[in-house]
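Structure, as structure tokens:
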Amino acid sequence: MSDIRYEDSSVRIDDAGITIKRYYFPILLHKRIPFARIKDVGSAPLSPVNGRWRIWGTTDFGTWYSFDPRRPRKDVAVALDTGGWIGPGFTPDDPDAVVALIRQRIVAHDGR
């Protein structure tokens, strides 16, 4: 098992990839994404228009957000580009740390 680099109620990041917790609703299964599948990562402020009140699913058909009943109290969402037409998203407790950690890992994985 890989060493855990970050973990909160929405995501776990280890040396091999990311586990988005409670991604599939209503059965609340986790989604595992190896770093090799991640092309880019970004963050965006949450607002009533772009998903602050949506606790699961999508508002724009570009990002699918994991189940997070605490999302209305959060300010920033993180989205991954995995090359598909819809990318996974989640709302970690420390989005800046998560984005920085993922960027380090995908750059190291690509050899850039």
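Where a number appears in this text, it was derived from the coordinates with a stated rule and is not lab data. Keep in mind that this is a model prediction, so the values were computed, not measured. We place every Cβ from the backbone using ideal geometry, glycine too, and count neighbours over all the protein chains shown.
Enumerate the residues in the stretch 80-106 having an amide nitrogen under 13 Å from the point lying 7 Å beyond the Cα of Arg73 toward its Cβ. Zone members listed by number: 93.
Its DSSP H runs of at least 4 residues, each contributing -39,500 (n - 2.57), put the calculated 222 nm mean residue ellipticity of the chain at -4500 deg cm²/dmol, to the nearest 500. Each residue, Ser9 and Asp81, gets one label point 7 Å from its Cα in the Cβ direction; the gap between the two is 3.1 nm. Projecting the Cα atoms of Trp85, Gln104, Ser43 onto the charge dipole of the chain (Cβ charges, centred on the Cα centre) puts Trp85 farthest toward the positive pole.
Net charge near Trp85, counting Lys/Arg +1 and Asp/Glu -1 over other residues with Cβ under 14 Å of its Cβ? Here the charged neighbours net out to -1.
Can you give me the Cα centroid spacing of the stretch 10-39 and the stretch 47-80 in angstrom? Cα centroid to Cα centroid, the span is 16 Å. Kirkwood analysis of the chain, using all unique Cα-Cα pairs, places the hydrodynamic radius at 13.9 Å. For the stretch 6-31, the residues whose backbone nitrogen is under 14 Å from a point 7 Å from the Cα of Asp94, taken along Cα to Cβ, are 6-14. A simple charge model with +1 on the Cβ of Lys and Arg, -1 on the Cβ of Asp and Glu and nothing else charged puts the dipole of the chain at about 300 debye relative to its Cα centre. Kirkwood Rh, the stretch 53-106, all Cα pairs: how many Å? It is 11.7 Å.
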